[in-house]
Amino acid sequence: MYIDPLATKSLTMSYHKLKVAVIGAGAGGLCAARQLLSRPQTFAPPVVYELSDCVGGTWVYTDRVGKDDNGLPIHSSMYRDLRTNLPKEVMPFPDFPFDTQLPSFIHHTDVKSYLEQYTDSFKIQPHIKFRTYVELLNPVFGTTGDAQNTWEVTCLNLNSHCRSRDRFDSVIICNGHYSDPFIPHIPEIEHFKGQKMHSHEYRFAEPFTGKNLVLLGAGPSGTDIALELCPVANQVVLIHNNLPISSQLPPNFLQVKGVNRFSETGVICDDGMEYPADVFMFCTGYNYSFPFLKDVDLKVKDYRVTPLYKHIVHTTFPTLFFIGLCQTVCPFPLFHNQVLFALASLDGTHKLPPKAEMDMLTEEEYQSSLHHGIPHRHFHKLDSLQWSYMDELAHLSKTEPIPPVTRDLYEANAKIRKQDLCNYKRFNYKIVSHDMWTTVEPKPL
């Protein structure tokens, strides 16, 4: 059944203010709450459900791994010494810059502080229900058979252990995608006698002193953790199928293509060589996970979430929105554009096409990506496509596009990072205008 957001009431003409729930108080959820609060004529104050006791989502560091005190999986994948791989000049929400006194590549605690300041500046905190576990999100249908855009949220307060239910016109899901590790099967893994772990559990380098480590996956976390381990490890082997890293690397850093199988003491790769491993670390990404969606037709297959229009709107339930599923992007500006598009579709600024048309357009986009050599599992991985995507969202929502300087500096940083993976974070940048940036003298080695 297709639910028309305008089926039961005119959102632009009714005096009814729309009640919107936001799931998650990370960057995406805070952005959604801030934008909802800025439109009090249309939207009631939002209710933000947050599992932890603070804002920040994936930017909240904890030494703990495994389960928390409530028996729930530890959400954060943050490690102690992480610094951003993007300069802060391209990272902020467009209406809230980072402190200019900070270096360009900032520590994760600076990002968390930024999100706390954002929360305080826009008075978001009173609308957050901390330590609240969303158990179930159900669509509610009219008793006469007419579709109604209402949702029932069932949640559990982890302090009082009281369960409650609330009704909303719309729900914006911002629960992140860095908390449910993806671990691929590798033949004969049961024979391996060393330590196996996922990068989700990595916190700092000291426990790996003097060890031989093998890491699988050369995404941003895989390469960053590998470099962080090199000063303490005996040898670090990074297995991946990407083009070889061309930058100069530490002498104890090896790159190998393809894992074939495990032995008792290491890993045999596609080159036929066996690489000793005291520790094998999966740096293989994360699953999309929505455990509270049980009666909503949502499919997650090999990293693709369907049926979603523009990576955001559930085409059967178009008052249900997903923020932040896209990968290899400039995240905060992308969240900003996605949230504004979601609100524009709710307040009538942008009229969503019928379900059949949204599904058709999405399928055309999917087939085009396959035609251009993008694998199925990378459909949400935008990379260079993110700029036209964000421009389109801004156009449809009738809002300001991201300034061109963001793209220019983002892409310049990617080139510098490729050339000098070990030292690119020495550089500092300054935004001069909406289409110009400059390099500040880099720190000495």
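None of the figures in this text is laboratory data; all of them are computed from the coordinates on show. Everything numeric in this text was worked out from a predicted model, so none of it was measured. No Cβ is skipped: glycine too gets one built from the backbone with ideal geometry, and neighbour counts run over all protein chains shown.
Using only the alpha-carbon atoms, how far is helix 404-419 inclined from the longest principal axis of the chain? Give it as 0 to 90 degrees, nearest 10.
Roughly 20 degrees, rounded to the nearest 10.
Is the stretch 321-418 best put as rounded, prolate or oblate by its Cα gyration tensor, with a ≥ b ≥ c the root eigenvalues, rounded for a/c under 1.5, and otherwise prolate when a/b is larger than b/c, oblate when not?
oblate
Arrange the peptides 155-165, 400-410 so that the one whose residues have, on average, the most other Cβ atoms within 10 Å appears first.
400-410, 155-165
Taking 7 Å along the Cα-to-C-beta vector as the label spot, tell me the K351-A412 distance in nanometres, rounded to one decimal.
Label at K351, label at A412, 4.4 nm between them.
Based on the Cβ-Cβ distance from K381 to K17, what FRET efficiency comes out when R0 is 30 Å, to the nearest 0.05?
Values: r = 37 Å, r/R0 = 1.23.
Result of the calculation: an efficiency of 0.20.
Taking springs between alpha-carbon atoms closer than 10 angstrom, which of H240, H16, H372 fluctuates most in the Gaussian network model of the chain?
H372
Which whole-Hz couplings ³J(HN,Hα) result when phi for each residue of the stretch 197-211 is put into the Karplus expression 6.51 cos²θ - 1.76 cosθ + 1.60, θ = phi - 60°, listed in order with x for Gly and Pro?
7, 10, 4, 4, 9, 6, 10, 7, 7, 3, x, 9, 4, x, 9
Once you put a point 7 Å from the Cα of E264 and another 7 Å from the Cα of M360, both along the Cβ direction, what distance in nm separates them?
Label-label distance for E264 and M360, simple model: 6.3 nm.
Testing the spin-label approximation: label points 7 Å from Cα along Cα→Cβ at D99 and F204. State their distance in nm.
Going from the D99 label point to the F204 one covers 2.2 nm.
Past 30 Å, Cα to Cα: identify those pairs from K88/K355; K112/K193; K123/K425; K257/K301, in the order given.
Working: K88/K355 38 Å; K112/K193 38 Å; K123/K425 33 Å; K257/K301 26 Å.
Exceeds cut-off: K88/K355; K112/K193; K123/K425.
Please work out the FRET efficiency for the pair R167 and S121, using the Cβ-Cβ distance as r and a Förster radius of 30 Å; give the result to the nearest 0.05.
Working: r = 30 Å, r/R0 = 1.00.
About 0.50, to the nearest 0.05.
On a 0 to 90° scale, report how tilted helix 386-397 is relative to the longest principal axis of the chain, with both axes built from alpha carbons and the result rounded to the nearest 10.
Helix 386-397 sits roughly 10 degrees off the main axis of the chain.
Between H185 and D391, what is the FRET efficiency for a Förster distance of 56 Å, r being their Cβ-Cβ separation, to the nearest 0.05?
Computed FRET efficiency for H185 and D391 comes out at 0.90.
Quick check on the chain: of the DSSP beta bridges with both residues there, what percent are antiparallel, nearest 5%? Present the calculation step by step, with values, prior to reporting the outcome.
Numbers: 35 of 66 bridges.
Just about 55 percent of them are antiparallel.
Using the Kirkwood radius over Cα pairs, work out the Stokes-Einstein diffusion coefficient for the stretch 189-282 at 10 °C and 1.306 mPa s, in µm²/s as a whole number. If you can, show how the numbers build up before the last one.
Details: Rh = 13.1 Å.
It comes out at roughly 121 µm²/s.
Taking a temperature of 20 °C and a viscosity of 1.002 mPa s, what whole-number D in µm²/s does Stokes-Einstein yield for the stretch 183-236 with Rh from Kirkwood over alpha carbon pairs?
178
Of the listed pairs K19/K351; K299/K415; K67/K299, which have alpha-carbon separations greater than 28 Å here?
Going by Cα-Cα distance, K299/K415 fall outside the 28 Å limit.
Rounding to the nearest 10 and keeping the result within 0 to 90°, find how far the Cα-based axis of helix 27-37 lies from the longest principal axis of the chain.
Approximately 20 degrees, to the nearest ten.
Expected output is a single nm value to one decimal: the length gained when fully extending between V232 and R39, i.e. 0.36 nm times separation in residues minus the C-alpha distance. What is it?
Gain on stretching V232 to R39: 64.3 nm.
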